[in-house]
1. Please identify the pairs in which a residue from segment 1-23 that is among the charged types (D, E, K, R) has its Cβ atom under 9 Å from the Cβ atom of a residue that is surrounded by 10 or more Cβ atoms within 10 Å (Cβ to Cβ), counting only partners at least 6 apart or on another chain.
2. Checking R57 against (1) surrounded by 14 or more Cβ atoms within 10 Å (Cβ to Cβ); (2) farther than 28 Å from L120 by Cβ; (3) among the charged types (D, E, K, R), only one condition comes out false. Which one?
3. Could we say that Y51 is without any contact (Cβ under 8 Å) to a residue 60 or more places away in the chain, over 27 Å from P132 (Cα atoms) and buried (at least 18 other Cβ atoms within 10 Å of the Cβ) here?
4. State the number of residues belonging to segment 67-95 that are farther than 26 Å from A39 by Cβ and among the hydrophobic types (A, V, I, L, M, F, W, C).
5. Determine which member of the set L155, L159, L136 is more than 18 Å from the chain's Cα centre (by Cα) and not in a helix (DSSP H, G or I).
6. Name the residues in segment 48-63 that are in contact with a Leu (Cβ under 9 Å, 6 or more places away or on another chain) and either of a type in the set (D, E) or within 17 Å of L95 (Cβ to Cβ) (or both), would you?
7. What's the number of the condition L111 fails, among (1) in a helix (DSSP H, G or I); (2) at pLDDT below 95?
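The values are calculated or read from the model by the stated rules, or taken from the named source; none is laboratory data. Given the structure is predicted, the values throughout are model-derived calculations rather than measurements. Note: ideal-geometry Cβ built from the backbone for every residue, glycine included; neighbour counts use all protein chains shown.
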Amino acid sequence: MFLFRSLLQLLDKLLFAALLVMGMQIPALVLQYQQILAAHYREAQQQLQQYQTLADRYYGGDLEQLLDVHRSNNVAAIRAEADILERLLQRNIYLKSQLNALTNKHLYQQLLHLMKHPDLAIAEEVYRGYNPSVPLTSDALIAGLTLAMIMNVALHIVLFVISRIMGPKRLGHDSTRNNYTG
């Protein structure tokens, strides 16, 4: 019985340590997500800048007017380009709003935003390029300890409930046996 209990305690400590290290990854993942988001935004801005140059030259800087001219053009290819420009404008607005929601915010605010409004394509890009590490920042330690404690307490509650439901006899304990050998 002592060996079994010792093994359970060791497993409990190992689980806690694994959850701690997993939780410590959270700030780095959020930072990488933010960096990839910023890179996509810069790229979209560079693409949009080419259209902005045309709008500056011919339409007093009004991108909407350039878009309207493209939409009403007799040439099908130019009308199709209007759709491309409109999607680029929308993507630019979307990426900027996503970036603003993550910039200069506390980690918990960033996590809440990412849970409510994740961009799955960017999240997959983060996942594919992420290399786990053990960062020793305060955010990483707090996130790691929080995750480890919450999950550890939840596991203990679940195990407690299961032990109460199954009862001591089903778990291999005999409650009538006297364990006192003195």
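1. D12/N152; D12/L155; D12/H156
2. With (1) surrounded by 14 or more Cβ atoms within 10 Å (Cβ to Cβ); (2) farther than 28 Å from L120 by Cβ; (3) among the charged types (D, E, K, R) applied to R57, the lone miss is (1).
3. Working: without any contact (Cβ under 8 Å) to a residue 60 or more places away in the chain: yes; over 27 Å from P132 (Cα atoms): yes; buried (at least 18 other Cβ atoms within 10 Å of the Cβ): yes.
When the stated conditions are applied, Y51 passes them.
4. As a first pass, look at segment 67-95 and keep what is farther than 26 Å from A39 by Cβ: 68-80, 82.
If we keep only those that are among the hydrophobic types (A, V, I, L, M, F, W, C) too, we end up with 69, 75-78, 80, 82.
Total satisfying the criteria: 7.
5. Matching residue, one of L155, L159, L136: L136.
6. Of everything in segment 48-63, those that are in contact with a Leu (Cβ under 9 Å, 6 or more places away or on another chain) and either of a type in the set (D, E) or within 17 Å of L95 (Cβ to Cβ) (or both) turn out to be L48, Y51, Q52, L63.
7. (2)
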